[in-house]
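The values are calculated or read from the model by the stated rules, or taken from the named source; none is laboratory data. Owing to the predicted nature of the structure, the values given are computational and were not obtained by experimental measurement. Note that each Cβ is placed from the backbone with ideal geometry, even for glycine, and that neighbours are counted across all protein chains shown. Each accessible area value is taken on the protein alone, full model and side chains, heavy atoms only, with ligands, DNA and RNA left out. Shrake-Rupley method; radii C 1.70, N 1.55, O 1.52, S 1.80 Å.
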Amino acid sequence: MTSANASPSGFADFPADFRGQVLRPGDGGYDAARALNNARAADEGPALIARCLDEDDVATVMRYASATGTPVAVRGGGHGYDGHAMPGGALVADLSRLRAVTVDPETGIVRAQAGVTLGELDAATQEHGLVVPSGTVTSTGIAGLTLGGGIGHLMRRYGATVDNLLACEMVTVDGRRVRVDAGSEPELFWALRGGGGNFGVVTSFEYRAHAMGTDAVAGFAVYGLHEAPRILAALDEVMAAAPRELALVATITPAPPLPMIPEQAHGHPVLILSPVYTGDLTTADDVLKPVIGLGTPLVDLVQPTTWLRANSMLDDTAPYGKRAASRSGYLSAITEAAATAMIDRAGAP
């Protein structure tokens, strides 16, 4: 529901009964409202940002768009790298003010509105020792995360975020409010869980939470790049044998100038393994040893922590407002040849 085509009238006929804030280029607060996680996608701003107060406002936007044939972009957390939340010249339904989260600790059902971020969802569920599987950066909006699948540290244990979605409240393109679940609108529910988008505007999500507790073992183990091909090539076999409570992210990146990392490695590419273990903490050493022991770490910062800290430790890799380009792909296996190619692409000597 995105377009780069501006309305010739600048949306001068936008409904007067819209109760939220309406922002156009030049208005105070416009630049802050259109800011996205990836500043690379924000060179041209939208023609009008409709900052919805509630579902009725969303319905007003969609009825107007349907009646006038105006394409609509939707902003939740604004974390998408593609910038589709704020396309140039567009009408934007901004849901970032819809931030309510309710947790039923008895049933494990969690309801969260479309403007909620991953960090806010975690904070609310962890008050009860619960988790909803989500992403890995706390500023990520749950709306795009869920509708896009939702890959994170708990995926091996509990599935992707979308696997734990029970229902959605949404506004259709013609402004009708509907509840969508497996028993009501089952085909639309199927479509929302991986069908590609553009079926309407989801205003709230209902999830199945899991009683995981609040503790974890997580952190970073940093290795010299000469060990990377062998370590990466061994990861498939090691992780296949690991319990589902263990997740792992592997990164080749310049070593940050931190005091615990040898100075001679600063600024040079290194391999960083970032494990997160949420199982029985008394078995953590035995579970992590096959992973950490694949090489000799320059520094091992994997330690007991809280889930909230574990699921925010990658925040510094995606600071809000950074200009970034991203590409992705899939490998059926990480071979030593594939690992060597990764290192070459990382600009290693």
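Odds and ends about this structure:
- Condition check for Ser134: touching a Gly at 6+ places or on another chain (Cβ under 6 Å) and more than 23 Å from Glu55 (Cα to Cα): yes
- Yes/no for Gly89 being in contact with a helix residue (DSSP H, G or I) (Cβ under 6 Å, 6 or more places away or on another chain) and either surrounded by fewer than 21 Cβ atoms within 10 Å (Cβ to Cβ) or assigned to a loop (DSSP other than H, G, I, E, B) (or both): no
- A search for C-beta distances below 9 Å between a residue of segment 56-68 that is more than 12 Å from Val201 (Cβ to Cβ) and any residue that is among the polar types (S, T, N, Q), counting only pairs 6+ apart in sequence or on different chains, returns Tyr64/Thr70; Thr68/Ser7.
- Residue pairs meeting the criteria (Cβ under 7 Å; at least 6 apart or on separate chains; first not assigned by the TED database to the domain that holds Asn198, in segment 135-148; second hydroxyl-bearing (Ser, Thr, Tyr)): none
- The residues on offer are Gly267, Gly224, Gly293, Gly279, and the sole one that is in contact with a Lys or Arg (Cβ under 9 Å, 6 or more places away or on another chain) and not acidic (Asp, Glu) is Gly279.
- Some residue of segment 256-278 being open to solvent by 70 Å² or more (accessible area, probe 1.4 Å) and under 20 Å from the mean Cα position of the chain (by Cα): no
- For Leu95, the stated conditions hold: it is touching a Ser or Thr at 6+ places or on another chain (Cβ under 8 Å) and either at negative phi or touching a residue at least 12 places away in the same chain (Cβ under 8 Å) (or both).
- Residue match in segment 231-251 (condition: farther than 22 Å from Val287 by Cβ and in contact (Cβ under 8 Å) with a residue 24 or more places away in the chain): no
Matching residues to (1) within 16 Å of Ile272 (Cα to Cα); (2) surrounded by 11 or more Cβ atoms within 10 Å (Cβ to Cβ); (3) touching a Ser or Thr at 6+ places or on another chain (Cβ under 6 Å); (4) among the β-branched types (Val, Ile, Thr):
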residue	(1), (2), (3), (4)
Thr305	no, yes, no, yes
Arg309	no, yes, no, no
Leu314	yes, yes, yes, no
Ala325	no, no, no, no
Ala337	no, no, no, no
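- Hey, Pro262 at pLDDT below 95 and of a type outside the set (S, T, N, Q) or not: yes
Rundown of residues vs (1) of a type outside the set (A, V, I, L, M, F, W, C); (2) surrounded by 20 or more Cβ atoms within 10 Å (Cβ to Cβ), yes/no style:
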{"position": "Gly28", "(1), (2)": "yes, no"}
{"position": "Asn38", "(1), (2)": "yes, yes"}
{"position": "Cys52", "(1), (2)": "no, yes"}
{"position": "Glu55", "(1), (2)": "yes, no"}
{"position": "Val61", "(1), (2)": "no, yes"}
{"position": "His79", "(1), (2)": "yes, yes"}
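- Taking segment 13-83 and the strands (runs of 3 or more DSSP E) fully enclosed by it, the elements with 3 or more residues that are of a type in the set (A, V, I, L, M, F, W, C) and either under 25 Å from the mean Cα position of the chain (by Cα) or within 20 Å of Gly321 (Cα to Cα) (or both) are at 72-75.
- Selection of helices (runs of 4 or more DSSP H) fully inside segment 115-214 by the criterion of at least 2 residues being open to solvent by 40 Å² or more (accessible area, probe 1.4 Å) and of a type in the set (Lys, Arg) returns 155-158.
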